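Heads up: the structure comes next, in structure tokens.
The values are calculated or read from the model by the stated rules, or taken from the named source; none is laboratory data. Not measured: the values here are computed from a predicted model. Backbone-built Cβ (ideal geometry, glycine too); neighbour counts: all protein chains shown. The area values use the complete protein model at the heavy-atom level, side chains included, leaving out ligands, DNA and RNA. Shrake-Rupley method; radii C 1.70, N 1.55, O 1.52, S 1.80 Å.
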Amino acid sequence: MQHSPDFRASWRADLPASIVVALVALPLCLGVALASGAPLFAGLIAGIVGGIVVGAVSRSPLSVSGPAAGLTVIVFEAIESLPSYQVFLAAVVIAGVLQLAFSFSRAGVLSEFVPSSVITGMLAAIGLILILKQVPHAVGYDADYEGSFEFFGPNGSNTLSTLWASVTQLITPGAVVIGVVSLCFLFWWDVARPKNGPLRFVPGPLIVVLIGVLGNGLFAAARPEWYLGPKHLVQVPMASSFSDFAALLTFPDFTALGNAAVWTTAITLAIVASLESMLSVKAVDEIDPKRRTTDKNRELLAQGSGNIVSGLLGGLPVTSVIVRSSANVDSGAESKLSTILHGFWLLVSVALIPAVLNLIPLSALAAVLIATGYKLTKPKLFIERYKQGWSQFVPFVVTVVAILFTDLLEGIVIGLVVGFAFVIGRNFRTAITFAHEGDDCLLRARRNLYFMHKYELQRALERVPDGANLLIDLSSTNYVDLDNVDIINAFIKGAAFRDIRVLVRGDIADRTAPLINAPADEVRFI
């Protein structure tokens with residue numbers, strides 16, 4: 001049972017972590033909204049709601065929610081096909097209600113069946129994607145939206161071709177200087193950061209943002225040709241007054257509830273968002289230094305609540321997201337106070353200081369994400385999985401490669417299929433040992449027997465010669481299904497005609513009741 005977090009004990013760690021997460025979340029919220037064909041402010045609303053609402057309801061200490069790149073295709077197609085954006089918002093609200101129903105039906109337990117190799121593969125793949133996708137931003141090529149996870153772009157390009165073009169043809173000197181200096185500082189700060197004193201609470205990414213803003217200002221004064229213009233900076237929608245800010249909100253249109261497409265969109269969003277959230281939360285639990293376990297059904301309740309509120313205010317659907325959550329863990333957060341505060345900082349900064357936010361170079365934020373990506377996909381992780389054997393290493397690598405060359409959700413599905421194939425393969429390994437010497441035969445079940453072991457059991461029994469003494473050893477099992485019971489029972493009934501004497505070892509009275517009824521002259525139990 002989880003106890004309520006004591007924010008008084010964790011606020012010193014959570015406060016600076018929340019600032020880092022807000023800085024990381026800002027361009028991602030805008031980028032996902034842009035890719036989804038939605039108003040930019042819709043992404044910010046989703047980020048704010050994901051922090052404050054989902055963070056308050058969730059029991060995950062470190063997971064951060066917001067608009068997700070994994071939903072961009074679904075959202076884009078829905079906005080294009082539905083009568084209006086307001087109708088799409090109604091679908092988002094319905095999706096949230098469906099997630100509440102998932103929570104009450106205890107559907108969160110399904111996430112526990114995902115192999116750990118797939119979860120760590122997902123983390124490693126996201127780390128690699130962050131590096132590959134953010135290098136172009138770090139050198140000033142900002143054509144792709146922030147937060148993109150798809151391998152193939154809409155214009156026929158792909159992640160690798162974009163990376164190659166950015167480092168060979170499209171370099172912006174000012175962005176390169178800021179990106180390289182920022183990245184070097186982050187890796188240095190991880191080592192040199194004081195363990196005591198007030199500086200230990202200063203997050204490296206916050207200093208990097210200051211480096212970017214001040215550096216670009218210096219370029220404007222001393223090297224104008226290196227100065228980064230608006231297309232290389234964060235672009236937050238600006239409102240000159242409270243009424244203008246309120247006008248950025250959009251409200252759902254529930255008059256189209258009779259439209260079947262609305263319900264199809266809502267169901268699709270609910271299922272995909274729930275799946276992504278469950279996998280993300282499970283992955284965050286894997287990298288939590290304290291190894292805490294999140295209540296998955298409560299998380300579905302939190303995500304549903306967030307989508308209801310986000311839809312009502314004009315925001316995109318929200319899910320738990322790995323990039324922001326990883327930045328949260330990496331920044332030393334200890335409780336969900338960091339998640340809640342990051343939503344609060346987004347709200348305050350977007351409402352009060354959008355002009356300041358629009359001075360931040362994307363190359364500085366790219367350095368933060370590249371550093372986060374490296375920590376998710378360190379070579380040590382690949383070595384550890386390799387040492388654990390092929391049954392762990394192959395699903396891990398397949399998940400990484402599949403996510404890299406498709407997108408997050410497709411890659412996870414491919415990884416799950418391979419992971420489950422190895423699980424099934426392990427169950428198909430020899431479960432029965434057969435040995436004989438002279439007239440004495442031994443048939444031993446090494447583990448529980450299921451329907452998939454029927455053929456193996458039959459083949460072993462076929463090797464028993466006439467006139468033999470057969471010992472069937474079931475002592476290592478605690479379950480033998482009825483299909484295998486029938487096979488054993490049938491063999492016992494025919495044993496007398498072949499002069500075979502059968503002994504059964506194991507406390508099987510509760511597991512193999514049909515055998516107990518075999519005639520005493522055909523079988524003995526020991």
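Say R0 is 22 Å: what FRET efficiency, to the nearest 0.05, do L40 and A143 get from their beta-carbon distance? It comes out at approximately 0.85.
By the compact-protein rule of thumb, 2.2 N^0.38 Å, the alpha-carbon radius of gyration of segment 342-407 corresponds to a ratio of 1.73.
The sum of -39500 (n - 2.57) across all DSSP H runs of n ≥ 4, divided by the residue count of the chain, sets its helix-only mean residue ellipticity at 222 nm to -19500 deg cm²/dmol.
What percentage of the solvent-accessible surface of segment 14-137, computed with a 1.4 Å probe over protein heavy atoms, is contributed by carbon and sulfur atoms? Heavy-atom surface of segment 14-137 belonging to carbon and sulfur, 1.4 Å probe: 72 percent.
If the segment from H436 to S161 were pulled out straight at 0.36 nm per residue, it would be longer than the present Cα-Cα gap by 92.7 nm.
If R₀ is 35 angstrom, what is the calculated FRET efficiency for the pair V109 and S391, using the beta carbon separation as r and rounding to 0.05? Result of the calculation: an efficiency of 0.90. Each 10 Å bin from zero up to the one holding the largest Cα-Cα distance in the chain carries the following percent of pairs: 4, 17, 24, 21, 12, 9, 7, 5, 2, 0, 0. Overall size of segment 85-190 from C-alpha positions, given as principal axis extents largest first: 54, 38, 27 Å. Which log10 I(q)/I(0) values does segment 410-455 give at q = 0.19 Å⁻¹ under the Debye formula, counting every alpha carbon as one identical point scatterer? So the normalised log intensities are -0.70.
Remark: the K380-V413 segment gains 9.4 nm on full extension, using 0.36 nm per residue and subtracting the alpha carbon distance. Please state the Cα pair-distance histogram of segment 141-283 with 10 angstrom bins from zero: what percent is in each bin? Taking all Cα pairs of segment 141-283, the binned fractions are 8, 19, 26, 29, 14, 4, 0 percent. Which FRET efficiency, nearest 0.05, do F7 and I207 yield, Cβ-Cβ r, R0 25 Å? Efficiency, rounded to the nearest 0.05: 0.50. An oblate overall shape is assigned to segment 199-302, the ratio a/c of its alpha-carbon gyration tensor axes (a ≥ b ≥ c) being 1.5 or greater and a/b not exceeding b/c.
For segment 1-159, a simple Cβ point-charge model (Lys and Arg +1, Asp and Glu -1, everything else neutral) yields a dipole of about 460 debye relative to the Cα centre.
In segment 282-351, Cα pairs under 8 Å separated by at least six residues give a relative contact order of 25 percent.
For V504, nonlocal amide neighbours, meaning residues 5 or more places apart or on other chains whose placed amide H falls under 5 Å from its own, are I472, R524, F525, I526. Listed by chain and number, the lysines whose C-alpha is less than 25 Å from the C-alpha of K290, apart from same-chain residues fewer than 8 away, are K195, K282, K336, K375, K378, K380, K387. A convex hull fitted around the alpha carbon atoms of segment 53-139 yields 165 Å³ per residue.
Taking a straight Cα-Cα cut-off under 18 Å and skipping sequence neighbours fewer than 8 places away in the same chain, the lysines within cross-link reach of K231 are K133. Across the chain, the mean sequence separation of Cα contacts (distance under 8 Å, 6 or more residues apart), normalised by length, yields a relative contact order of 26 percent.
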